[in-house]
Every structure is written in C-alpha cells, then in structure tokens.
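J.: Just passing along the structure, written as structure tokens.
The values are calculated or read from the model by the stated rules, or taken from the named source; none is laboratory data. Treat the numbers as computed from the prediction; the structure is a model and nothing was measured. A quick note on method: Cβ atoms are made from the backbone with ideal geometry, for glycine too, and the neighbour counts reach across all protein chains shown. Surface accessibility is based on the protein's heavy atoms, side chains included, excluding ligands, DNA and RNA. Shrake-Rupley method; radii C 1.70, N 1.55, O 1.52, S 1.80 Å.
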Amino acid sequence: MRFLSTELPGVFVVEPEPRADDRGLFARTYCRDEFAAHGLCIDWVQCNVSFNTKAGTLRGMHWQSAPHEEVKLVRCTSGAALDVIADPRPDSPTYRKWIAVEITAENRRAVYIPGGLAHGFQTLADGTELFYQMSAFYVPDAARGARWDDPALGIAWPACAQRIIAPRDLSFPDLPI
Ligand SMILES: Cc1cn([C@H]2C[C@H](O)[C@@H](COP(=O)(O)OP(=O)(O)O[C@H]3O[C@@H](C)C(=O)[C@@H](O)[C@H]3O)O2)c(=O)[nH]c1=O
C-alpha cells in the first residue's frame, strides 16, 4: 500500500498496489502492521456501508464531538464518489481548509480521516456504495455537522443535475468565519 499525505495534516490517501495476472488482480486493502508503522489507527470497532441510489447524492459534512471522535477509513466499493474532508475546529491552524479525493470502485483508493474532521461525499454515479471502518462507536448525541454549502468552508462540489441531500444535512448552522 502507498500512504499519500494530503494538504490536510493527518489525512492520507491509501492506495493499493495491485498484483495483476491472467485471473485479474490481488491487492491488500488493510494491513495492521503497515498502518501502525505510519502511526495510524489499527483499532476499528465498527464497519458501515452506505449505498446511494442516485448520482448527486450528498451526505455530510459529519463528525462526532469529543470524547467520541471517530477515525474513519473510507473506500468506494461500487460506483464513484468525490470524498471531501474539512477542518471544522475553530482553534485549529487548518480551520476551514478542505480537500477532495475521488474514490472509485476502479481506483480502490481509501481515505484515512483523523477524528474531529468533518467528512462528506457526493456520488458521481448511480448505485454508489461506500464502505467505512470506524474507530469509535456511533453516539447520536455526539453527532455534529456542517452544511455542504457553508460559506466558511466554500467547498467546490461537482455540478450535477439534481443534488439529493437529507433534511438534517441542510439544517446545520453556519460555522464561524
Ligand atoms: C452513522 C450511523 C447511523 N445510524 C443510523 C441513524 C439513522 O437512522 C440512519 C442513517 O444515518 P445518517 O443519516 O446519519 O447516515 P449518513 O448521513 O450516511 O451518515 C454518515 O455520513 C457520512 C458522511 C459519514 O462520514 C458517516 O460517518 C456518517 O455520519 O442510520 C446508525 O445506526 N449507526 C451509525 O453509525
């Protein structure tokens, strides 16, 4: 696996190194020792799947507050999505910074997201499924969110014919500027 750092400290793109032969390919998608060698989380307590019927489905931007911060390892197992990570912590040197990574079933990239950062995605194809490994349990009372179009973040989402967003995700208050 290749661990590629990003402009948001602590966020990594994890790329598999496929071994191809006549049958297809084989690739490691997670290795405890390699993650530990990079100082990354190796203690996953929950795995989630997120299926999205339509292209243009946007979920996020979500995180859990202390002491329930979640590290997330997110990959796309069907279709394609633009995965977005933002820093919603006003006391952070990278407050309001965001990055986007295209994750697809074909490129098999995973995105490693440290606790406390906001995560969301927009699907780029119908029938897109994401698979998450999570370092902490779901605690609904600790759920926090930033709106997809929060001016403090200014995320450049891809254009699409129709964006599908849950009412809760449209109701998050503005982050301070
Ligand atoms: C996240 C989560 C939700 N649920 C329930 C609550 C609700 O009834 C239903 C759907 O939940 P949501 O609407 O919050 O699902 P969703 O909007 O897909 O939430 C996810 O969004 C992306 C961007 C993330 O980063 C994830 O960590 C998670 O927050 O599933 C669980 O039971 N366990 C969980 O871990």
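J.: Would you mind telling me the share, in percent, of accessible area of the chain contributed by carbon and sulfur at probe 1.4 angstrom? Let's see the in-between values first.
T.: Values: 4810 of 9160 Å².
Accessible surface attributable to carbon and sulfur in the chain totals 53 percent.
J.: Moving on to the next point. Which Cα, out of 24, 95, 60, lies furthest along the positive dipole direction of region 2-141 (beta carbon charges, K/R +1, D/E -1)?
T.: In region 2-141, that residue is 60.
J.: While we're here: How much net charge surrounds residue 9 when only the other residues with a Cβ under 13 Å from the Cβ of residue 9 are counted, with Lys and Arg +1 and Asp and Glu -1?
T.: Numbers: positive: 89, 97; negative: 7, 87.
Neighbourhood net charge equals 0.
J.: In the Gaussian network model of the chain, springs joining C-alpha atoms below 10 Å, which of 47, 31, 76 carries the largest mean-square fluctuation?
T.: For the chain, modelled as a Gaussian network with Cα springs under 10 Å, the answer is 31.
J.: I'd like the distance between the alpha-carbon centres of region 58-102 and region 128-177, rounded to an integer number of Å.
T.: If you average the Cα positions of each part, the centres end up 8 Å apart.
J.: About its Cα centre, what dipole magnitude does region 2-141 give when the only charges are +1 on Lys and Arg Cβ and -1 on Asp and Glu Cβ, stated in debye to the nearest 20?
T.: The dipole magnitude comes to about 120 debye.
J.: Okay, moving on. Within region 114-133, find all residues whose amide N lies under 20 Å from a label point positioned 7 Å from the Cα of residue 46 along Cα-to-beta-carbon.
T.: Residues passing the 20 Å test: 114-121, 129-133.
J.: Quick one: which of 2-9, 127-134 comes out on top by average Cβ neighbours within 10 Å, and what's the full order, highest first?
T.: Ranking the peptides 2-9, 127-134 by packing returns 127-134, 2-9.
J.: How much accessible area per residue does region 38-132 have, counting only protein heavy atoms and a probe of 1.4 Å, in square angstrom?
T.: Per residue, region 38-132 has an accessible area of 41 Å².
J.: Over its Cα atoms, what ratio of radius of gyration to 2.2 N^0.38 Å does region 2-141 give? Intermediate values should be presented prior to the final figure.
T.: Details: Rg = 15.0 Å, N = 140, 2.2 N^0.38 = 14.4 Å.
Scaled against compact globular proteins, the figure is 1.04.
J.: What does the charge count near residue 55 come to, summing +1 for each Lys or Arg and -1 for each Asp or Glu among other residues with Cβ under 12 Å from its Cβ?
T.: Summing Lys/Arg as +1 and Asp/Glu as -1 gives +1.
J.: Kindly provide the helix-only [θ] at 222 nm of the chain, computed as the sum of -39,500 (n - 2.57) over DSSP H runs of four or more divided by all residues, to the nearest 500 deg cm²/dmol?
T.: -1000 deg cm²/dmol
J.: Can you tell which of 113, 165, 103 shows the greatest fluctuation in a Gaussian network model of the chain with Cα springs below 10 Å?
T.: 165
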